[in-house]
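**Q** Handing you this structure, nothing more for now.
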Amino acid sequence: MQHNNAKSIIFYNGSTEKSSCGYCKKDNSSYSNGMWASSLTVEAYQDMIDRGWRRAGKYCYKSIMDKTCCPLNTIRCEALNFEISKSQKKIIKRVTAFLKNEEYEKNPINTEQAEREPLMKYEDIQNHDDKMKITNSDYLFDEEQSTSDIGSCDSTSVITNKEDSKMVVPLNLNCNVETQKETKKVKPGKGADPNLPSSKKKKFLRIQKKLAKDPNFVPKISPPQQKCIEEFIAENDSISTDGDKKLRVSLVKTGTEAFSRTFTAGATLFAKYQITVHNDTPDGCNMEQYLSFLVDSPLKAEKSNHPDHPGYGSFHQQYWLGDKLIAVGVIDILPKCVSSVYLFYDPDYHHLVLGTYSSLREICLVRQLHNMSPALKYYYMGYYIHSCPKMRYKAKIRPSYLLCPLKYTWHAIEKCIPKLDNKMFSIFNESDDTQEDDIFTIDNILVLYRGSLMPYSAYKTIGRMKHQDEQVKEFKMLVGPKLARQLIYCIMD
């Protein structure tokens, strides 16, 4: 990573008042700490999310875990060891089928992670700036799935064989039941003839012959080779179709000329998604809201030492079907991870389950970037809320880990769930080890006051406002000693 001279400047707001919860929908039950970030280095933001912080636009927030109604546990996946599930394979195959002939399996997919959907609005987590009408603090998958009626009068039908494979075949069905011919009753069969040899695969027949010749023969049966996620995704990318059916995924850094060329397409798709999926008003998802929520970012872009690496900062991963933008994943590329911020898509393509599909592509991105930057190996999915059923899908993206809200250590989610079943706010690391020291005092925190940079101790001798010792102490506790040395604490009269 090529470091620049960017500074991390924040304005700490302190604790918010009680606000309504976007997850359990209770009034005056959500508590959080927040701060506005004028600028952040990617290293500083990496350290922030490793202490439970998260950004929405330029606003950063952290749940007050022991007070809020729905504790927000930071969750990440170890992408290098990602285990693709059967339901995730089906989603990729569904996209593949659509790209080949615009057909897809119409039976519901057995998965809880159908679509990513934000629940908590920005105004629910802060009340410090009335100008920003909407941003969302997190995303999750909607459990709604494609429920096309298999038994209806379609010209196609899905047939499933014993190996659970599916094929789409044309049928000429008469919908009028009364005109259909009465089917003849068929007598039950007698079953297989016990006098005939049992049906066996040729491989096992060969083994039987060798054992008959040589009783000491030891057969070597190797387990079937499992395909990795890249091989499934490559099937999508290798499909040769007409231009309007070709899927193209492009990673575009915000603030660049390439991004400006697609800005209008992104803003238009965002409005369509918000109005259709979230019932927003046009004013609630206009271009200004799109800019402030999904384009503006405090992260300062940094270059990588590898020539093929896209660099670090905020990006939009765009999904184009021909010349049509059908989905956008908003992500941050950080020194150790790809952090997913938000996803919006064209509701006309809901049947492709683009929420899950895009998250699988983002896991592939982590694995690809790891080859160029070995420290980058995690996929951060935002928050896991155990009391919210729609969040349970994140626990099935494996292997995943939750952040201890007290010691800031990572723990396998399988070991955390029993504790969360008993108590919503749980400490995962119960050891007595103390990793942080208090040698760095608040007097040494850098303060930006009236354009001048000074230690907090110097500010106290000239500042007109009352000393902010309690708030500065709270800030230091929440960000930790390392970040307290890096972040510049802005004070305004």
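The values are calculated or read from the model by the stated rules, or taken from the named source; none is laboratory data. The model shown is predicted, which means the values in this text are computed figures rather than measured ones. No Cβ is skipped: glycine too gets one built from the backbone with ideal geometry, and neighbour counts run over all protein chains shown. Each accessible area value is taken on the protein alone, full model and side chains, heavy atoms only, with ligands, DNA and RNA left out. Shrake-Rupley method; radii C 1.70, N 1.55, O 1.52, S 1.80 Å.
**Q** Within the stretch 31-51, does at least one residue satisfy the condition of being at pLDDT below 95, open to solvent by 30 Å² or more (accessible area, probe 1.4 Å) and outside any strand (DSSP E or B)?
**A** For the stretch 31-51, residues at pLDDT below 95, open to solvent by 30 Å² or more (accessible area, probe 1.4 Å) and outside any strand (DSSP E or B): present.
**Q** Can you tell me which of (1) out of contact with any His (no Cβ under 7 Å at 6 or more places or on another chain); (2) modelled with pLDDT of 95 or more is the one residue 80 doesn't meet?
**A** Every condition holds for residue 80 apart from (1).
**Q** In the stretch 423-430, is there at least one residue being crowded, with 19+ Cβ neighbours inside 10 Å and in a strand (DSSP E or B)?
**A** Initially, the stretch 423-430 is screened for residues crowded, with 19+ Cβ neighbours inside 10 Å, giving 426, 428.
Now narrow it down to the ones that are in a strand (DSSP E or B): none.
No.
**Q** Do we find that residue 366 is under 19 Å from the mean Cα position of the chain (by Cα), surrounded by fewer than 18 Cβ atoms within 10 Å (Cβ to Cβ) and of a type in the set (A, V, I, L, M) in this structure?
**A** Taking the combined requirement at face value, the residue does not satisfy it.
**Q** Can I ask one more? Residue check: is residue 308 over 22 Å from the mean Cα position of the chain (by Cα), more than 25 Å from residue 39 (Cβ to Cβ) and at pLDDT 95 or above?
**A** So residue 308 fits the description; yes.
**Q** I would also like to ask the following. For the stretch 410-419, enumerate the residues that are open to solvent by 30 Å² or more (accessible area, probe 1.4 Å) and assigned to a helix (DSSP H, G or I).
**A** 414, 415, 417, 418, 419
**Q** Restricting attention to the stretch 394-401, does a residue exist that is open to solvent by 50 Å² or more (accessible area, probe 1.4 Å), of a type in the set (Phe, Trp, Tyr), under 20 Å from residue 54 (Cβ atoms) and touching a Lys or Arg at 6+ places or on another chain (Cβ under 7 Å)? Outline the logic, then answer.
**A** Going through the stretch 394-401, the residues open to solvent by 50 Å² or more (accessible area, probe 1.4 Å) turn out to be 396, 398, 401.
Adding the requirement that they be of a type in the set (Phe, Trp, Tyr) leaves 401.
With the extra rule that they be under 20 Å from residue 54 (Cβ atoms), the set shrinks to 401.
Pick out the ones that are also touching a Lys or Arg at 6+ places or on another chain (Cβ under 7 Å) and you get 401.
Yes, the stretch 394-401 contains at least one residue that is open to solvent by 50 Å² or more (accessible area, probe 1.4 Å), of a type in the set (Phe, Trp, Tyr), under 20 Å from residue 54 (Cβ atoms) and touching a Lys or Arg at 6+ places or on another chain (Cβ under 7 Å).
**Q** Going by the structure shown, is residue 270 within 29 Å of residue 6 (Cβ to Cβ), of a type in the set (Phe, Trp, Tyr) and without any contact (Cβ under 8 Å) to a residue 40 or more places away in the chain?
**A** So residue 270 does not fit the description; no.
**Q** Quick one: which of 323, 332 is open to solvent by 10 Å² or more (accessible area, probe 1.4 Å) and either in contact with a His (Cβ under 9 Å, 6 or more places away or on another chain) or not hydrophobic (A, V, I, L, M, F, W, C) (or both)? Please lay out each step first, then the result.
**A** On the way: 332 fails: open to solvent by 10 Å² or more (accessible area, probe 1.4 Å).
The match here is 323.
**Q** Scan (1) in contact with a Leu (Cβ under 7 Å, 6 or more places away or on another chain); (2) among the polar types (S, T, N, Q); (3) free of Cβ contacts under 8 Å to residues at least 40 places away in the same chain for the single condition residue 371 breaks and write down its number.
**A** (1) is the only condition that residue 371 fails.
**Q** Within 18 Å of residue 341 (Cα to Cα), at pLDDT 95 or above and open to solvent by less than 20 Å² (accessible area, probe 1.4 Å) - does that describe any residue in the stretch 253-264?
**A** Checking the stretch 253-264: at least one residue is within 18 Å of residue 341 (Cα to Cα), at pLDDT 95 or above and open to solvent by less than 20 Å² (accessible area, probe 1.4 Å).
**Q** Given the options 305, 279, name the one that is over 24 Å from residue 234 (Cα atoms), surrounded by fewer than 18 Cβ atoms within 10 Å (Cβ to Cβ) and free of Cβ contacts under 8 Å to residues at least 12 places away in the same chain.
**A** 279
**Q** Please verify whether the stretch 442-451 includes one or more residues that are open to solvent by 50 Å² or more (accessible area, probe 1.4 Å), farther than 25 Å from residue 339 by Cβ, in contact with a helix residue (DSSP H, G or I) (Cβ under 9 Å, 6 or more places away or on another chain) and of a type in the set (Val, Ile, Thr).
**A** Within the stretch 442-451, not a single residue is open to solvent by 50 Å² or more (accessible area, probe 1.4 Å), farther than 25 Å from residue 339 by Cβ, in contact with a helix residue (DSSP H, G or I) (Cβ under 9 Å, 6 or more places away or on another chain) and of a type in the set (Val, Ile, Thr).
**Q** Just to be sure before I move on: is residue 260 of a type in the set (Gly, Ala, Ser) and either in contact (Cβ under 8 Å) with a residue 40 or more places away in the chain or closer than 22 Å to residue 360 by Cβ (or both) in the structure I sent?
**A** Here the answer is no, as residue 260 does not meet what is asked.
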